[in-house]
Each structure stands twice: as structure tokens, then as C-alpha cells.
1. Ignore the peptide's own chain and count Cβ atoms of other chains within 10 Å of each Cβ in A:128-141; give me the average, rounded.
2. How high is the relative contact order of region B:29-118, in percent, with contacts defined as C-alpha pairs under 8 Å that are six or more residues apart?
3. Need one number: nm distance between label points at B:Q8 and A:D144, each 7 Å from Cα along Cα→Cβ, rounded to one decimal.
4. Can you pull the mean other chain C-beta count within 10 Å for peptide B:22-33?
5. What is the packing order of peptides A:146-159, B:63-76, taking the mean over residues of other C-beta atoms within 10 Å and listing the highest first?
6. Around B:E122, what is the net charge, scoring Lys/Arg as +1 and Asp/Glu as -1 over all other residues with Cβ under 14 Å from its Cβ?
7. First compute the accessible area of region B:16-77 with a 1.4 Å probe, then give the percent of it belonging to carbon and sulfur atoms.
8. Per residue of B:9-19, count partner chain C-beta atoms within 10 Å of its C-beta, then hand back the mean as an integer.
Amino acid sequence: MAIKDQFNVLAEALQKGDSGSAEKIFDHFSKPIYAFFMARIRHKETAQDLTQEVFLKVIKNIEQFDRKSGNFTAWIWQIARNSAIDYFRHKKPSYLADLPYEGDNIIEEPIKSDESAKVREIMTIVEDFPPEEQELFQMHFVADMSYTDIAQITGKTESALRVAIHRLRKKLVPYLK
Amino acid sequence: MIDFIKEQLAVRRFKKSLRAYTRPDQVFLKSARTRFINLAQQRASVKAVVTRSNSWKYATIAIVVVFSMTSGMAVFADANNVSATHPLYNFKRLSEQIRLGLSSPVQQVELHQVFAHRRLEEVTELEANHDDPPVVSTTSVSDKPVPDKLQVRIDELNKDFQKETETALDETENIIEYSNRETQVKSRDSAQFCRDILSSIKNRPKSNRPPSPMVDHIKDRCREVLED
């Protein structure tokens, strides 16, 4: 049985064309979804494009969302996840923008704090982790998604996720010190 | 314990830095937000237009279906000359009204004559169906009261018969007055019509009830026409 999501009501209103619901949905999901793409792709413009693409897909496919049996949070994150998968499937093998220190990040580099450098360093380390752990890192640490939503998207149980995230945390801790 | 707290703090600090690093800029957020809301509004207006057009579509289909069914039943009832107790009887009357409305004055006279015959047949049939089979007993069948509803129906049909007959005769007179060309033909038709009506009334099965004053009136009117 699907867990009732507070955003299901807003999704239903959006299905009827309510712009107020659109505002609330965007305000809640835009930042974590952008962060998810940014952490995964590490290119500002691409993350922006993909974020916009997710919201376009939301508008385009909102009729298909079933409020009674679905969970809007899981649904929108599934769209984001699929967009990221599509991006990596279709992206060119060598793309300068995908390099760790590209575009705006290079320009901003001198004024960025040590913390930003640390973040990029950790992200580079995470890239060497198995794909499942990378995704968990992006969903839990970057997008700050709840266990329930991650469980719905990945198809794992919440207890299995807690164990996996605990292991990921243990794996990360040595690099954080 | 201290190590655990240090770990937690490190993770917390990292999460905070991570969020700062992956925070979108306000210009992008503002433009994306505006675009998303505009799309939602556009979608709402498109949906409203689609809903409206669908409503019209369904309304048109419903009207066509109702019209087809009504006209079909009316044509069927009229063609089969259904009895007054038939469920489609009102459709027959509707069809008659439509035929009258679409006919020329000369054709209307003919139709009124046909309809007068029909009403008379309907009354006769209704009365015949009501009458009990002949019973050989001391009790008079005529004492049996006619049910109210049936009597009302018979009266209505008698009234319609009178109306149709009189309209047919009046219209014939009007045509005779205003048209020289058809005078002789219509005068002959009118006499024949009266003879037919009188014959039909005469040949009706014997009813247990007293004759209707409306039928008596028509008999008198027809006799007058024949005498003229």
C-alpha cells in the first residue's frame, strides 16, 4: 500500500491547472532536484537544464499520476532519476563540461572556500564508489531525501536502506576528517 | 564516544557544505519557476478549452441520438397505426402533428380526414377491449362502471375525433370558398368523407355504454353536409 504523501493533494490540484499548487511544488522540489543533478553531473548548466526538464515532464505527465495509489514525491524523484540516467546514456564520451573543475566552477575557484574544495574532493572520491552507493549519496546526502522516498524509488526496504546508508557514512567518514 | 560525536559533526558539516555547493542560483530559480507556473496555467486553459469542446461534442451526440430515436419511434408508430394503449401512441400523435405542419392546406384536409378515422377506430378498439364477453345472466353488463382512467381516455379520443372531423369539414369549406379550381373535387371528397364517417359510426360494435355526445354531434354535422 502506498504511503500517503502531502504533495498528492497539490498534484491533484495541479492536474486541474491550479498555479498555486505549481508554485508550492516548484518551491519544494526545485532545490533538491538541482542539487541531485549537480552532485551527479557536476555541471551547472546541465543541472539547470535537467532540472527544468524534470518540471516540464511533471506538467506533461501530471495526468498520468494517480493520486490514490501513488506518491507524488516518489513520482517526481523517479522522473529526476530517469532524466539523469537518460543524460548519461546519451552524453558524448568526452565532454569538457563533465570534468570536475569546469566552466563556472573554474572561474569561481579562487573565491571558493576550502569547504567547496573539500566537497569536490569528496565527490570525486564518491565517483569511484559502486553506482548504487553513488545514487544513495546523491539522494541522501545531497538531495536530503527521506528514507521512505528513497525506498519507493529504489525499491528497497527502509531497513535495508538504513544499513546501506550507515555503511556509506562509515566509508565517507575517513575522508571528512 | 568522542569519536562518534566528531564523526557526526563532520558529516553534518559536510552536508552543509554540500548543500552550499549544490545550491542553484536565484536567477535560474526565478526564471525556471516562472516558466513552470506559466506552463501550468497554459495547461489549465488548454484543458478548459478541451473540456468545453468535449461538452459540446457530447451534447451534440446526445441531441442527435435523442432526435434519431424520437423520429424513428414516431415513424414506426405512425406507419403501424398503433392503438391508443400502445406505449408509442404519443409518438404516433407527434408524427401526425409533424405531417400536418409540413403539408399544404389541401393535403391537411385529407390528413384530418384520415386522422378522424383513426380516432374513431381507436375509440372503437378501446371500448371493445374494455367490454366484458357477453354473459348470460340476470345481471346487466351495462351496470358495470367504466374505470375512470379509461373513460377519460375514451372521452379524450372522442373529443379528438370530433375536432379532426370538424377541422376536416371546416377546412374543406374554406378551400371551396377560396379555390374555384378544386371546388367540385373537394365538395365530393367532403361528402364521401361524411358518408364514410357515418358508416363507420353505424358499423361500430354495440357498446354497453351510452353514446358519446361528441359522436352524436358529428353524426348531425355529417348529415347536414350530405343534405347540402
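The values are calculated or read from the model by the stated rules, or taken from the named source; none is laboratory data. Keep in mind the model is a prediction, meaning the values are calculated, not measured. For neighbour counting, all protein chains shown are included, and Cβ atoms are generated from backbone atoms with ideal geometry for every residue, glycine included. Just so you know, the surface numbers come from the protein's heavy atoms only, side chains and all, with ligands and any DNA or RNA stripped out. Shrake-Rupley method; radii C 1.70, N 1.55, O 1.52, S 1.80 Å.
1. Shielding by partners across A:128-141 averages 1.
2. 16 percent
3. Inter-label distance under the simple model: 1.8 nm.
4. 6
5. Result, highest mean Cβ count within 10 Å first: A:146-159, B:63-76.
6. Charge balance in the 14 Å sphere: -1.
7. Carbon with sulfur: 71 percent of the solvent-accessible area.
8. 6
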